[in-house]
1. Looking only at region 96-103, decide whether some residue is hydrophobic (A, V, I, L, M, F, W, C), part of a helix (DSSP H, G or I) and loosely packed, with under 10 Cβ neighbours inside 10 Å.
2. For residues in region 25-72 being in contact (Cβ under 8 Å) with a residue 24 or more places away in the chain and of a type outside the set (Ser, Thr, Tyr), which is surrounded by the fewest Cβ atoms within 10 Å (Cβ to Cβ)?
3. Right, Glu77: in a helix (DSSP H, G or I), without any contact (Cβ under 8 Å) to a residue 12 or more places away in the chain and not β-branched (Val, Ile, Thr) or not?
4. Looking at this structure, is Tyr67 assigned to a helix (DSSP H, G or I), closer than 19 Å to Ile6 by Cβ and of a type outside the set (A, V, I, L, M, F, W, C)?
5. Among the residues of region 11-61, what is the count of those that are of a type in the set (A, V, I, L, M, F, W, C) and outside any helix (DSSP H, G or I)?
6. Filter region 5-43 for residues that are of a type in the set (Gly, Ala, Ser) and touching a Leu at 6+ places or on another chain (Cβ under 7 Å) and give the result.
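Taken together, the values in this text are just the output of simple stated rules run on the coordinates, not laboratory data. On a predicted model such as this, the values are computed, not experimentally measured, just so you know. For neighbour counting, all protein chains shown are included, and Cβ atoms are generated from backbone atoms with ideal geometry for every residue, glycine included.
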Amino acid sequence: MGNVYIGSKVADMRKGIERGEGFTATAHKTGMFSPLVMQMLAVGEETGRVDEMLEEAAAFYEEEVEYDLKNLSSVIEPILIVAIGIMVLILALGVFLPLWELSTTING
């Protein structure tokens, strides 16, 4: 697994299930899942449809990531606009300050 943290949590869940603990109990011990997903896993374990509930949980997390990415871009955009504005200001000052000094020297 690419993510070391998640890989260790999944390994902990596997060990718990191999010891005979319930799927929901081992998932709760990891602390990785939101309360909504924990309820979905509990329902899936009770009804024998854990695979379907895991697919729904995956879809839930995918939607959550998409929402967070949209919000992230709306937060980053004003910051980038300000940064570009500062760069343009520095460039403009770099051009106009020497001209202003030259004109004051000539007139002075």
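1. Yes, there is a match, as at least one residue in region 96-103 is hydrophobic (A, V, I, L, M, F, W, C), part of a helix (DSSP H, G or I) and loosely packed, with under 10 Cβ neighbours inside 10 Å.
2. Filtering region 25-72 for residues that are in contact (Cβ under 8 Å) with a residue 24 or more places away in the chain and of a type outside the set (Ser, Thr, Tyr), the one surrounded by the fewest Cβ atoms within 10 Å (Cβ to Cβ) comes out as Leu36.
3. Answer is yes for this residue.
4. no
5. 2
6. Correct list: Ala27 only.
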